[in-house]
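**Q** Dumping the structure here so I can ask a few things about it.
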Amino acid sequence: MQFIDLAKQQRLIKDALDTRIQAVLAHGKYIMGPEIKEMEAQLAGYIGVKHCVSCSSGTDALLMPLLAWGIGPGDAVFTTPFTFIATAEVIQLLGATPVFVDIDPKTYNIDPVLLDAAIAQVIETGELKPKVIIPVDLFGLPADYPAIEAIAKKYAVLILEDAAQGFGGEINGQKAGSFGHAASTSFFPAKPLGCYGDGGAIFTNDDELYEKLVSVRVHGKGGDKYDNVRIGLNGRMDTLQAAIILEKFSLFPDEVKLRNKAAAQYNALLADLVVTPAVPDGYTSVWAQYSILARDANERTELQAKLKAAGIPSAVYYPKPLHQQTAFAHLKVQDGDFPISEEMSQRIFSLPMYPYIPEEDIRKIADVMR
Ligand SMILES: *Cc1c(COP(=O)(O)O)cnc(C)c1O
């Protein structure tokens with residue numbers, strides 16, 4: 001059994017993919033070819049925003065808006081410690097200070113009550129300026145944007161939605177990728193919408209930010225590539241990867257439904273055995289991961305060992321919260337400062353999840369765990 005089986009999806013679109021790839025080889029515009037604009041227009045339409053700026057990875061999709069906003073030393077950027085390193089790495093890379101805020105134990109997303117308190121604390125201390133909140137749509141479930149948007153307004157800070165796992169999720173019909181001032185996603189192969197390499201995109205309704213992102217993407221270009229008005233990067237996505245996304249995207253709306261069907265089957269079979277994921281009313285998850293909680297670290301080890309013995313892969317996202325990573329030791333946060341994240345990192349694990357996972361695989365996984 002595989003954790004994510006991408007081959008099944010490929011079989012469904014093999015001919016169309018080949019045609020798309022051949023078209024790129026024929027026109028030869030490997031950098032910023034026509035597939036880039038075509039894909040950006042399709043994805044912006046799907047998300048329901050004005051602009052999509054494709055880029056080289058989900059990490060650069062987080063870095064570029066922060067660069068465009070001029071985030072740097074002395075600025076506080078608020079995020080969760082229960083996420084992939086990239087979310088906080090980009091803050092540090094710009095010399096700004098990551099301020100971690102613990103998560104809600106049910107959704108694993110940033111806790112709005114603690115967020116409000118953390119911003120108030122930074123203002124009171126007076127050493128840093130609160131600038132940006134980066135909520136993460138962890139495992140495919142959008143963060144609590146109604147509450148987070150109210151807090152951002154109260155303190156006049158910006159929101160950068162990390163939708164690397166959230167692309168395809170919704171709150172009351174509004175798509176993940178459309179919350180806050182800008183949103184970032186990743187097309188890493190294992191994400192809900194993945195290409196066959198690295199890729200990412202930024203979504204925004206803000207025209208001024210859009211112009212800056214287009215500039216940042218190509219070395220801070222002004223009128224042309226050799227007129228440089230700011231410091232930027234080589235942040236472009238390959239034309240070939242856009243061609244692949246265009247074909248994979250044709251399956252995507254159906255795949256969101258299939259992922260939800262698989263999650264519902266897991267929930268029904270596992271609810272009396274472990275803590276299954278909570279999806280608040282009005283929310284849709286895209287199930288980037290199907291993650292459950294064991295009672296404690298020992299039970300998790302046992303369950304994962306049973307699965308492994310039966311040839312079933314499982315994974316722990318994330319075994320070490322970011323505040324406990326050596327890379328952030330200079331922040332001088334203590335063990336115990338983020339107790340929910342620390343507890344979840346001991347108890348959580350994820351089961352195989354992809355749109356085409358067979359029902360009998362899910363049944364087998366549940367049987368083995370039982
Ligand atoms: C994958 C991921 C990223 C980074 O995306 P890459 O395309 O791998 O650079 C950022 N944030 C989160 C939450 C992710 O899961």
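The values are calculated or read from the model by the stated rules, or taken from the named source; none is laboratory data. Not measured: the values here are computed from a predicted model. As a convention, Cβ positions derive from the backbone with ideal geometry for all residues, glycine included, and neighbour counts pool all protein chains shown. Note: areas computed on protein heavy atoms with side chains; ligands, DNA, RNA excluded. Shrake-Rupley method; radii C 1.70, N 1.55, O 1.52, S 1.80 Å.
**Q** Any residue in region 264-287 that is part of a loop (DSSP other than H, G, I, E, B) sitting within a Cβ distance under 7 Å of a residue that is open to solvent by 40 Å² or more (accessible area, probe 1.4 Å) and at pLDDT below 95? List the pairs, counting only those 6 or more apart or interchain.
**A** If the second residue must be open to solvent by 40 Å² or more (accessible area, probe 1.4 Å) and at pLDDT below 95, the pairs left are 273/370.
**Q** When you check residue 189 against the structure, is it open to solvent by 10 Å² or more (accessible area, probe 1.4 Å), within 16 Å of the ligand (Cβ to nearest atom) and over 19 Å from residue 322 (Cα atoms), yes or no?
**A** Against the criterion (open to solvent by 10 Å² or more (accessible area, probe 1.4 Å), within 16 Å of the ligand (Cβ to nearest atom) and over 19 Å from residue 322 (Cα atoms)), residue 189 qualifies.
**Q** Shifting gears a bit: Which residue is farthest from residue 44 (Cα to Cα), if the candidates are limited to region 161-213 and must be in contact (Cβ under 8 Å) with a residue 24 or more places away in the chain and of a type in the set (Asp, Glu)?
**A** 198
**Q** Being open to solvent by 30 Å² or more (accessible area, probe 1.4 Å) and small (Gly, Ala, Ser) is the requirement here; does residue 278 meet it?
**A** Judged against the criteria, residue 278 is a match.
**Q** What's the total number of residues in region 12-33 that are of a type outside the set (Val, Ile, Thr) and in contact (Cβ under 8 Å) with a residue 24 or more places away in the chain?
**A** 9
**Q** Then there's this: Condition (residue is open to solvent by less than 40 Å² (accessible area, probe 1.4 Å), assigned by TED's automatic domain parsing to the domain that holds residue 57 and under 26 Å from residue 263 (Cα atoms)) applied to region 151-162: is it met by at least one residue?
**A** yes
**Q** Moving on. Need the failing condition index for residue 7 against (1) within 30 Å of residue 306 (Cβ to Cβ); (2) touching a residue at least 12 places away in the same chain (Cβ under 8 Å); (3) in a helix (DSSP H, G or I), just the number.
**A** So the condition that residue 7 fails would be (2).
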